[in-house]
Amino acid sequence: MVPLLLLRRAAARVPLLRPRSGSSGNAGLSRSEARARQGHGQEEEEGCYRLYPGHIPTSPLQKALLAAGSAVMALYDPYRHDMVAVLGETTGCLALPNLRDKMKHHPEGYRILQERPRIRLSTLDVSRLRGLPDGSLGREYIRFLEDNKVSPDTRMPPKFVDDEELAYVIQRYREVHDMMHTLLGMPTNMLGEVVVKWFEAVQTGLPMCVLGAAFGPVHLSAR
């Protein structure tokens, strides 16, 4: 079972997210999202139809060039999260549909795809999570964020995924990454990231995770 579904099950037992209000039309959209939706007609006229806010349409050749360039930069500096994000999007053409299909065939995964919850500080009930017992997912997750001074809000939105539903899948993957650290008890140093990448590579099959797991130890030996 992919980690996205495992975390959904854990979240069902330990409420992590505040309920998100429904929306219709442009209701509930940010100003930038509303402008993006209103600008669809103009983009279509210009031959550059965007599937979601921030989407950048690219050809197979452009994706290949982006994948090659981001792979080199990510291997040179694994902390270049922007390059890691581009690599994940431009090489996940097979793994992302597979993840999406697994989610669709599981009740909890299907519900995630329908409701599309987000993991952000604005959706987390932080005070409630702090009050949970030690050892619970919610309490340890908040402890991890605070101890390592990280935030789910820093996860980059997708740009190069040419499918709106798959864009949400990779966004979800990014937002549960810190929960993987929490579940595995791994810090955010290079060793911790390599261990998490091995786990994610097995669970998701994303080429970016496989590359990180395979070549990450090079930086360990260099130190």
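Brief remarks follow.
- Cβ-Cβ contacts under 6 Å between residues 6 or more apart (or on different chains), taken from a first residue in segment 50-67 that is at positive phi to a second residue that is charged (D, E, K, R) and surrounded by 17 or more Cβ atoms within 10 Å (Cβ to Cβ), are listed as G54/K159.
- Residues that are out of contact with any helix residue (DSSP H, G or I) (no Cβ under 8 Å at 6 or more places or on another chain) and over 24 Å from I170 (Cβ atoms), drawn from segment 115-130: D125, S127
- Test: residue in segment 121-140 that is of a type in the set (A, V, I, L, M), outside any helix (DSSP H, G or I) and open to solvent by 40 Å² or more (accessible area, probe 1.4 Å): yes
- Scanning segment 204-214 for residues that are more than 13 Å from the chain's Cα centre (by Cα) and buried (at least 19 other Cβ atoms within 10 Å of the Cβ) yields P207, L211, G212, A213.
- Options L166, L183; residue that is open to solvent by 60 Å² or more (accessible area, probe 1.4 Å), closer than 30 Å to L94 by Cα and not in a loop (DSSP other than H, G, I, E, B): L183
- A single member of P117, P158 is farther than 22 Å from P187 by Cβ, touching a strand residue (DSSP E or B) at 6+ places or on another chain (Cβ under 9 Å), assigned to a loop (DSSP other than H, G, I, E, B) and at pLDDT 95 or above, and it is P117.
- Filter pass, R143 being in a helix (DSSP H, G or I), open to solvent by less than 40 Å² (accessible area, probe 1.4 Å) and modelled with pLDDT of 95 or more: no
- Condition check for R80: in contact with a helix residue (DSSP H, G or I) (Cβ under 9 Å, 6 or more places away or on another chain) and without any contact (Cβ under 8 Å) to a residue 12 or more places away in the chain: yes
- Selection count, segment 194-206, where residues are over 15 Å from P78 (Cβ atoms), in a helix (DSSP H, G or I) and not hydrophobic (A, V, I, L, M, F, W, C): 2
- Those residues of segment 71-94 which are open to solvent by 80 Å² or more (accessible area, probe 1.4 Å) and closer than 12 Å to G216 by Cβ, in sequence order: Y79
- Residue in segment 107-116 that is under 19 Å from L206 (Cα atoms) and surrounded by fewer than 13 Cβ atoms within 10 Å (Cβ to Cβ) present: no
- Residues located in segment 58-82, provided they are at pLDDT below 95 and assigned to a loop (DSSP other than H, G, I, E, B): D77, P78, Y79, R80
- Any hit, segment 29-41, residues being outside any helix (DSSP H, G or I), open to solvent by 50 Å² or more (accessible area, probe 1.4 Å) and at pLDDT 90 or above: no
The values are calculated or read from the model by the stated rules, or taken from the named source; none is laboratory data. Here the structure is a predicted model, which means the values were calculated and not measured. Note that we place each Cβ from the backbone using ideal geometry, even for glycine, and neighbour counts take in every protein chain shown. Ligands, DNA and RNA are excluded from the accessible area calculation, which covers all protein heavy atoms including side chains. Shrake-Rupley method; radii C 1.70, N 1.55, O 1.52, S 1.80 Å.
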